[in-house]
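In what follows, a single structure is set out as structure tokens and then discussed.
Read the figures in this text as sums done on the coordinates, not as results from a lab. Owing to the predicted nature of the structure, the values given are computational and were not obtained by experimental measurement. No Cβ is skipped: glycine too gets one built from the backbone with ideal geometry, and neighbour counts run over all protein chains shown.
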Amino acid sequence: MKASELKKGAVVGIDGTKYIVKEIVTKSPSSRGANTLYKVRFNNVVTKQKMDATYKGDDSFEEVDFLRRAVQLIYKEADNCTFMDNEDYEQYTVDSALLEEELNYLSDGLEGICALIADGELLGIELPSSVDMGVVECAPSIKGASASARTKPATMPTGLIVQVPEYLSPGEIIKVNTSNAKFMSRA
């Protein structure tokens, strides 16, 4: 697999160690002969340590065999989360530190979660592109506010804070983009 083919959530091998891709930033150079650079943040699958590195588009990685399985969140505890495979009902418990970015979107009954599994171990999860969440707390709605007006912070049940239009009020269900934590629409 080449650096130009990497996607968030992919699992690759670097020097015999498995890493999951957490974030990719593409940098296009301004000079004509220069290569496009990919700044990648990895998490070590075993130790959970972060690693940042920059690669050229044709740099290659070892491919790691892993399965993508549809799962659902069964429950969250203080330091781990337990997921159940939707097909064979096998359960996987994973340390919450591995899911630090995804925890803000995980709620009971969330559909569309994919687990990345290698050697019977859950390496990480992929969230759906958007999730529906209820607004728990925000400033009161303003009558006459239009969709293109200013925004206000709103707190979701998981503690995530999203900027929403002023016309929304607590209790409303909204659609939130999981890649950038931005308000998309009412659900």
Rg in Å to one decimal, and Dmax rounded to a whole Å, for the range 131-186 via C-alpha atoms: 10.2, 31
For a test of the definition: using alpha carbon positions, the gyration tensor, and the 1.5 limit on a/c, classify the range 67-128 as rounded, prolate or oblate. rounded
Out-of-range pairs (alpha-carbon distance over 22 Å; input Lys8/Lys39; Lys50/Lys175; Lys2/Lys175): Lys50/Lys175; Lys2/Lys175
State the extension gain, in nm to one decimal, for the chain segment bounded by Lys182 and Asn35, taking 0.36 nm per residue of separation less the distance between their alpha-carbons. 49.8 nm
If you put +1 on each Lys and Arg Cβ and -1 on each Asp and Glu Cβ, how big is the dipole of the chain around its Cα centre, in Debye rounded to 20? 1260 debye
Per-selection Kirkwood Rh - the range 3-63 (Cα, Å, 1 d.p.): 12.0 Å
Net dipole in debye of the range 131-186 [+1 Lys, Arg Cβ; -1 Asp, Glu Cβ; about Cα centre; nearest 20]: 160 debye
Between Glu100 and Asp52, Cβ-based FRET efficiency (R0 22 Å, step 0.05) works out to 0.90
Positive end of the dipole of the range 4-143, charges at C-beta (+1 Lys, Arg; -1 Asp, Glu), about the Cα centre: which of Ser107, Gly124, Thr26 has its Cα farthest in that direction? Thr26
